[in-house]
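Some notes on the structure that comes next.
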Amino acid sequence: MYETVIWATDGSDGADAALDEALRLTSLSGGHLVAVHSDQRLNGRAGGWPALADEDDLRLKIRRQVEELKKDGVDIDLVIRPSHREAADTVAAVAAALDADAIVCGTRGVSAFAGAFLGSFTQRLLHIAPCPVLAVGPRSELNAVLHHASTGAGA
């Protein structure tokens, strides 16, 4: 059913909560998970500057998450795309190229300011995605935090 699931991540707590749901979908179906991060760039033809000051740290965090999941036996790949477009456009393009069956994302990103400044990633993705989008909201984020605390995960 879900052979290829995209986990759209910006390194935020919301994206981390979405990871739990993406893992659940792929474990139920035996599917392949693809972590997708849009490294948004400002100005310049040959790359430009990162839109977020901590972009290097975010990419490192996401790479570590993917490596840990691989060590745990998860069938996962990582796609990081530098882009001058909106992050939702980049994620939707990757989903289309991979013929993804679903995209899982959080409803809140790296910060309230970034959300206001860059626009609503999730809202845009819901309108342009080539496949169903599962948006994981704040209650799911809280449940993920409580689950990790009760199981000792991440300690």
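Just so you know, all these numbers are worked out from the coordinates, no wet-lab data involved. Remember, predicted model here, so these are calculated numbers, not experimental data. A quick note on method: Cβ atoms are made from the backbone with ideal geometry, for glycine too, and the neighbour counts reach across all protein chains shown.
Fewest first, what order do 61, 71 take by the number of other Cβ atoms within 10 Å?
The most exposed by this proxy come first: 71, 61.
Which residues' amide hydrogens lie under 5 Å from the amide hydrogen of residue 77, considering only partners 5 or more residues apart or on another chain, with H built in the peptide plane?
Result for residue 77 returns 33, 34, 35.
Using a cut-off of 13 Å between beta-carbons, work out the net charge of the residues near residue 76 (Lys and Arg +1, Asp and Glu -1, residue 76 not included).
Local charge sum for residue 76: -1.
At a 10 Å Cβ-Cβ cut-off, how would you order 62, 103, fewest neighbours first?
Details: 62 21, 103 28.
The most exposed by this proxy come first: 62, 103.
Would you order 72, 39, 89 from fewest to most other beta-carbon atoms within 10 Å of each residue's own beta-carbon? Numbers along the way, then the final one.
Working: 72 9, 39 19, 89 16.
So the ranking, lowest neighbour count to highest, is 72, 89, 39.
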